[in-house]
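Single-structure report; data block below.
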Amino acid sequence: MRGLPILMLAAGLALPASGVAATRPDAGRADRCGRQCLLGILWDYTEALTDDKPSEVPAAPSVRVTSNGRVVELGRGEVWGAPRRIPYRQALVDPTTGAAIFYGVVTNAIRPRRPAPATPGARTEPAGRAEPAPRGADTWWFYVLRLKVESRRISEVEEISYDGSSMGANARALSLPDRLFDAPLPRDEQSSREQLIRIANEYFDAVSGKLDYRKVPWHPECQRIELGVFTVNAATSPGSCGGEFQNPAVRWNVVNRRFYVADVQRGLVLAIANFTTPPDLPHNNGSVVFELFKIQDGLIRQIQAFFRGNGQLHSGWGSGPGS
C-alpha cells in the first residue's frame, strides 16, 4: 500500500489519579505526561487487551473508540476476547501530541498446560508440554493502535486489525521489531519536528503522483516493510524505495494525513493517512495506512507500514475524504 488536510494534534497532556499507573515516578506531575507516562498508559491498555479487561483501561468518561473505522464500545474491537497474547510489540510515543502508538501481532493461539497428575506416581509430561489447540481455531491479527492521552486519561482509541488472509501476509513471522527505529541519532544527524513531517509529506506526495519520486530524500539503505513483508528490493517488487513509484500499481491519492509522532532524537515520524483509489487506477485497493518513517541525515532510511489489506475506506477520524 501506499494531499489534502493535515491534522496536527497539540493536546494538553496529562495518567489516572488512581490505580497502578498512579505509582509511576511522574504520576504526580499533573501538568505533563512524558514518555514514561505515555508508555505506562500504553502498557495498561495492552495488558487490558491481553486479559480481556477493558475496565482496567485508564479511559476518560467520554473516550471515543473506533475499530477498523467503526465506532465501538471500549473492549469491543475485533481483537478483544479471552485468551490473547501479543508476541510482536513496538511502541511509539510523543509527549508533544499526547500520542501513544502500538504496532503488534495479537493471537488467540495459546496452548494451555496439561493439568497435574491426579494420583501419586502417575506419569508427568515434560516441562513446557502443552495441550494442542483445536485445528483451525487459531487466529493471528496484525494490529495497530493509536491512543490520545489528555489529563492522564485516554480520550481517543483508534484500532485497526487484519488477519492477513487476503494478501498472504503472515503475522506469525513477526517476533521482534527492528531496533533501528529505537536507536537515538547523533545530534548532527537529527532533523527538526517540522523537517520530519515535511519529509513524510514529500513521500506521500510521491505516492499521490504529485511529486517526482527523485525529489524525495531517499537514504541508500532505504527499505520498506509492510505487514512484515518487503515491498521494495524484493523478487516480486524489484524497485527501490523510490523506484517502485514507476509502477502505476503503487499510486494512491493520499488524503486525511494525520501526524501523531515526530521524535527528533530517534528520527521517527508516524503518520496515518487514507490511501484512496485514483479514478484512473480503479484496481488500486484503498485503505487507511499507518506509516512509520526512520529519517537519518534528512533522508528516509526505513519505512514500516501496517494497514488492513482487504481495504478500509474510512478511518473514523480526521476530516475530508476518507475520514
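None of the figures in this text is laboratory data; all of them are computed from the coordinates on show. Here the structure is a predicted model, which is why all the values come from computation and not from measurement. In this analysis, Cβ positions are derived from the backbone assuming ideal geometry, glycine residues included, and neighbour counts consider all displayed protein chains.
In the range 80-115, whose amide N lies under 20 Å from the spot 7 Å out along Cα-to-Cβ of A137? List them in ranges.
Flagged as within label range: 80-87, 106-115.
For W141, W43, what's the fewest-to-most ordering of other Cβ within 10 Å of each Cβ?
W43, W141
Mind giving me the nanometre distance, one decimal, between the label points for E56 and R198, set 7 Å out from Cα along Cα→Cβ?
4.5
Only Cα pairs under 8 Å and at least 6 apart count here; give the relative contact order of the range 250-301 as a rounded whole percent.
Worked out over the range 250-301, it gives 33 percent.
Using only the alpha carbons of the range 181-307, determine the length spanned along each of the three principal axes and report them from longest to shortest in whole angstroms.
44, 32, 27
Once the Cβ-Cβ distance between Q36 and D280 is put in as r, and R0 is 41 Å, what FRET efficiency do you end up with, to the nearest 0.05?
0.25
Taking the Cβ of S175 as the center, what net charge do the other residues with Cβ under 13 Å away carry, scoring Lys and Arg +1 and Asp and Glu -1?
+3
Which whole-number percent gives the relative contact order of the range 158-250, counting Cα pairs below 8 Å spaced six or more residues apart?
23
Determine the relative contact order of the range 181-307: mean sequence separation of Cα pairs under 8 Å and six or more apart, normalised by residue count, in whole percent.
Relative contact order, the range 181-307: 31 percent.
Please enumerate, by chain and number, the aspartates and glutamates with C-alpha under 15 Å from the C-alpha of K148, excluding those fewer than 8 residues away in the same chain.
Correct list for K148: D44, D94, E156, E158, E159.
Between A235 and N247, 0.36 nm times their residue separation minus their Cα-Cα distance comes to what?
Extending this stretch completely gives an extra 2.8 nm.
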